[in-house]
Amino acid sequence: MTKKHTVRVDVNGTTYEREVEPRLTLADFLRHELHLGGTHVGCEHGICGACTILIDGRSARSCLTLAVQADGAQITTVEGLRNRETGHLHPIQQAFVDAHGQQCGFCTPGFLMTTLELLEHNPSPSEEEIRSSASKAHRW
Amino acid sequence: MLGACQLLTEKFSRVVAHLMQTTPDQIELMDGRLRLKANSAVGMTLAEVAGTMLARSDLLPPGIDMNPEAAFVWSGPNRNIPDDQGRCRSYLTAAEATHVVMVEIDRETGRTAILKYCVVDDCGTRLNPAMVAGQLQGGLAQGVGAALFEEYRYSDDGQPLVTTFMDYLIPTIHEVPIAEKGEVVTPSPVTPLGAKGCGEGAIHTTPAVLLNAINDALAPLNLAIHETPASPHRIWKLLHARNT
Amino acid sequence: MTGNAEFIDNFALPGMLHAAILRSTHPHARIVRIDAAAALALPGVHAVLTGDDMKKWANPVVTAPEGWGLHSLAVDKVRYVGEPVAAVAADSRYIAEDALELINVEYELLPPVPNAPAAIAAGAALLFEERGTNVILQRDYRWGDIDAAFAQADRVVADSFRWNRVGANPMETFGCVCRWDLVDNVLTCHGAYQTPRFIALGRAFALNLPTNKVKVVSHPQGGGFGGKGGPRGTDIAALLSRKADGRPVKYIEDRIEYLLAGAGQSWDRYYEASLALKEDGTVLGFKVKLLDDQGASAEGYGTISVAKPLAAFTGAYRIGTAYYDLTVVASNRAPTYPYRGYGPPPHNLVLESLMDIAARKLNLDPAEIRRRNYIQPEQFPYTLPSGNEYDSGNYPAVLDKVLAMADYAGLREQQAQARAAGRLVGIGVASVVEPGVFDWNAYATVGVPGVGVPEGVKVAVDIVGNVTVVVGFNWQGQGQYTVAPPTPPRRTSARAAAASALPSPAPCWAPANYSPKNFPASSPT
């Protein structure tokens, strides 16, 4: 039986501490240990981008990250976008809604997180910069 | 949906007519109430009718089905069975579209860049134009994939060679143009609202128009490709086999 | 948008186990022996399923035509790489996959049939020995005097086309949670089901359950596009639940499984086709010969894919006679499943390519050759040689509008300049008809019975006046619910019609999950 490791993370402002196997992916950790099911798994090999979250402000594929690698980090997922007190959507979420920016919504959280990263580092991106950031698999 | 609403309105009208001691043709549905045509102040809301049906069976017309709901299955007119050559009136509506594209093939890489993409489609009455545009783009994207990138390959002894997204190439925002779109509307005489199906449209057309454009580009070299996907590798091999 | 949609992998039931599937690494082989003792002994493993269980408890799936279906887990023989051979239910997917590594399968290899030409070659190995052939279906259709048309033609253009396998690949793969209630002998399946009623009936037949003891609850899907069939995963999860004392079992197909052997492969085709034309570009006849590879079984109803082109066989054109020679075969590739379009896209590529080849031969502009052949507005309703009737249309108007929008003359000038500079620039035009609103009769000649357009809806009002609309499909992201708008009614004919029928607060839309008692008749899609 593999030895478990302690992982302590801040996710969307809440601190969690869990014992996990080293092979547990961050995606599975978020979804099934912390019950934050908004981050979805589309390919489990880092290409489709649906599982994208922010680790310490930088986008990462949670399917290719092990939970143990996130020990001590500050993570942002789609659940952290909506305002907790008022319940209002984050401006990025509202913008997607207004522009009909989703169909089934499965990969939408991945797009939202990369958009969040892009706009936090570059408030006025060019069309080319937006396209680079949004380069993910999408079936519509 | 219209059919079910119609049936439900008829059922409710029977109930209200019975309660008001008149006939159903004297009742009309307007602004959420079933009311007397002759005196619009006299009437019942939908909620009141539903409540009466479920709670006061003593007041209902004899033999009526008490459930305040209706189910309806729509079918088209003139249905028939196929003859021995498969001939029959099958699909009810025919949407149509013409796509026009301009592409450029890179001689060094065999990659096809889409320089312009225009679509005019006719899917009859457009019940929700934003949905039509979304479906068109989605079909277009899958059409680009099928025409240029996507393929499941097997070896000569039956082993699959495509098992990850590194082999099965789904187009991204870089490969899929946003088409310039226009519309013509010839409503369908067959469907109640004149709408036609349109959810699959572009994937019917995009591969054809892209291969046509690619072959138009290759025509001066007397080359042609009739295999999909017309991937960079296939086009490159075609170009370089001729040493052009 | 907020991450709250209940996609199937976000759903859990108390006591739920997780399934993993061991898959064949050979395209064609007999299964000699499976030794799963070590897997069953692994802590955290609660059940192991093999072909012996399938033989006892299950039937091959129903296909059209009949007799080309397989069990959802291989029995005695494997016929494609990726075919399920054994399955495990465990406390976690991680443990289940560990258990797979402990299962030993002994195979006796058989000669593979790697593609469609190999399937019909002399001496080919047989996938279904009892059928005596790899040909699932072979027939032709003759509409009008095709030989006369070709004899009278000024020109004939002919070519071969190869459409390689492609497939849906929705961003969410298939998933389900199945629970076999051992007391009442009722199976409940939650899942990413595109066709709940169809799946429920199929499971009843495959798993020997009365049809009113199978309940399917359809969850919002992360896309479908036809390529999310689900019968195999469901049967496997259901039987694992049966073996694991009725505990719910979740199976989430991963992407590699989907690509290898999920419902994501479609349209594996070899075409030979030709057009007969007059010198002025008018098309007199269209001939198509198709060799279509269904893969290792007909379970995905791919015969429908080869029949649907009949609905728009001659496209947007007044072609008076046509011929369709069809051979559908089985091979040691993954079984094919439906994909958006359900068959016509490759056919349309063939017709539109031939139009361009003809244009080039006759020195006609591709837009012009189409214009000369269009069905004219006054000819609707128009009956095709293949029998279907188009309801309405104005193809010349569509062409005029798109050529103007594209500035077609300007594009040709740009192309001329680019060519002078040695660049490979091309312009394409294609006109295609998309048939909509299908009738079952479209598929009768390939073995699927029925006549009628089966789209059903139920509308209900409750005692506080709220309206619920129950439909036969679930959300895939196409926004169908916007067709029933909230009040106030808008001033368009479509919305006013729907809204004036029953003005009320916004109707609540509910997909009808398949419970025999309350399901309105509905098409599978």
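The values are calculated or read from the model by the stated rules, or taken from the named source; none is laboratory data. This is a predicted model, so every value here is computed, not measured. Here Cβ is always computed from backbone atoms with ideal geometry, including for glycine, and neighbour counts include all displayed protein chains. Heavy atoms of the whole protein, side chains included, go into the accessibility calculation; ligands, DNA and RNA do not. Shrake-Rupley method; radii C 1.70, N 1.55, O 1.52, S 1.80 Å.
Between C:Phe174 and C:Glu253, the built amide H atoms are under 5 Å apart, and every one of these is 5 or more places off in sequence or on another chain. May I ask for the longest run of chain C untouched by GluC sites (Glu not before Pro) that are loop-located per DSSP and have at most 12 neighbouring C-beta atoms (other than their own) within 10 Å? The longest such stretch corresponds to C:280-525.
Per residue of chain C, the DSSP helices (runs of n ≥ 4 H) give a summed -39500 (n - 2.57) that works out to -7000 deg cm²/dmol at 222 nm.
Once you have the Kirkwood Rh of the range A:5-133 from its Cα pairs, apply Stokes-Einstein at 20 °C and 1.002 mPa s and quote D in µm²/s. Rounded, D is 142 µm²/s.
For chain C, the longest principal axis of the C-alpha atoms and the axis of helix C:408-420 are separated by about 90°. Quick check on the range C:1-144: take the gyration tensor over C-alpha atoms, sort the square-rooted eigenvalues as a ≥ b ≥ c, and tell me if it's rounded (a/c under 1.5), prolate or oblate. Because a/c hits 1.5 or more and a/b fails to exceed b/c, the range C:1-144 counts as oblate. Surface composition of the protein assembly as shown: carbon plus sulfur atoms contribute 52% of the solvent-accessible area (1.4 Å probe, protein chains only, all chains present). If both residues of a DSSP beta bridge must be in the range B:96-241, then about 75% of such bridges are antiparallel. Tilt of helix A:108-121 relative to the longest C-alpha principal axis of chain A, in degrees (0 to 90, nearest 10)? With rounding to tens, the tilt is 80 degrees. Checking every one of the chymotrypsin sites (Phe, Trp or Tyr not before Pro) in the range B:53-124 against DSSP loop status and a limit of 12 other Cβ atoms within 10 Å picks out no site at all.
Neighbouring Cβ atoms from other chains, within 10 Å of the Cβ of residues in A:39-50, number 6 on average.
Over 32 Å apart at the Cα level, from the set A:Lys136/C:Lys458; B:Lys181/C:Lys308; C:Lys308/C:Lys401; B:Lys11/C:Lys308, are A:Lys136/C:Lys458; B:Lys11/C:Lys308.
Computed from the C-beta positions of A:His121 and B:Thr164 and an R0 of 35 Å, the FRET efficiency is 0.70 to the nearest 0.05. Per-residue SASA remark: B:Met66, around 80 Å² accessible (1.4 Å probe; ligands, DNA and RNA not included). Packing here is the average count of other Cβ atoms within 10 Å per residue, and on that basis the peptides C:233-245, A:15-27, A:116-128, highest first, run C:233-245, A:15-27, A:116-128. The alpha-carbon of C:Lys56 sits under 26 angstrom from the alpha-carbons of these lysines, leaving out residues fewer than 8 places away in its chain: C:Lys77, C:Lys213, C:Lys215, C:Lys243, C:Lys250. Counting Cβ atoms of other protein chains within 10 Å of each Cβ in B:185-198 and taking the mean gives 5.
Taking a ≥ b ≥ c as the square roots of the eigenvalues of the Cα gyration tensor, chain C is oblate, since a/c reaches 1.5 or more and a/b is not larger than b/c.
Computed from backbone phi with θ = phi - 60° and the Karplus coefficients 6.51, -1.76 and 1.60, the 3J(HN,Hα) list for the range C:145-154 is 8, 5, 5, 5, 4, 6, 5, 7, 5, 6 Hz; x is used for glycine and proline. Rounded to the nearest 10 square angstrom, C:Val437 shows an accessible area of 50 square angstrom against a 1.4 Å probe. Of the GluC sites (Glu not before Pro) found in the range A:30-92, those in coil by DSSP whose Cβ has at most 13 other Cβ atoms within 10 Å are A:Glu85. Excluding same-chain neighbours fewer than eight residues apart, the lysines reachable from C:Lys278 by a Cα-Cα span under 16 Å are C:Lys287, C:Lys361. The Cα-based radius of gyration and maximum Cα-Cα distance (Dmax) for the range B:96-241 are 17.4, 56 Å.
Summarise the partner chain shielding of B:65-77 as one whole number: the mean count of Cβ atoms from other chains within 10 Å of each residue's Cβ.
Details: counts 0, 0, 1, 5, 9, 5, 11, 7, 12, 8, 9, 7, 1.
Average per residue, whole number: 6.
Heavy atoms of chains A and C lose about 2200 Å² of accessible surface on contact, summed over both sides with a 1.4 Å probe. Chain A packed on chain B takes about 1400 Å² of accessible surface away from a 1.4 Å probe, both sides summed. Within the range B:1-43, the residues that become at least 50 Å² less accessible when every protein chain is included than when their own chain is isolated (1.4 Å probe; DNA, RNA and ligands ignored) are B:Met1, B:Cys5. Rolling a 1.4 Å probe over the heavy atoms of the protein chains gives chain C an accessible area of 33 Å² per residue. Put simply, chains C and B cover up around 10300 Å² of each other's accessible surface, both sides summed, when a 1.4 Å probe is used.
Given the -39500 (n - 2.57) contribution per DSSP H run of 4+ residues, what per-residue ellipticity at 222 nm results for chain B, rounded to the nearest 500 deg cm²/dmol? Numbers along the way, then the final one.
Numbers: 5 runs with 72 residues, N = 244.
It lands at -9500 deg cm²/dmol.
The overall shape of the range B:2-59, judged from the alpha-carbon gyration tensor, is rounded, with an a/c ratio under 1.5.
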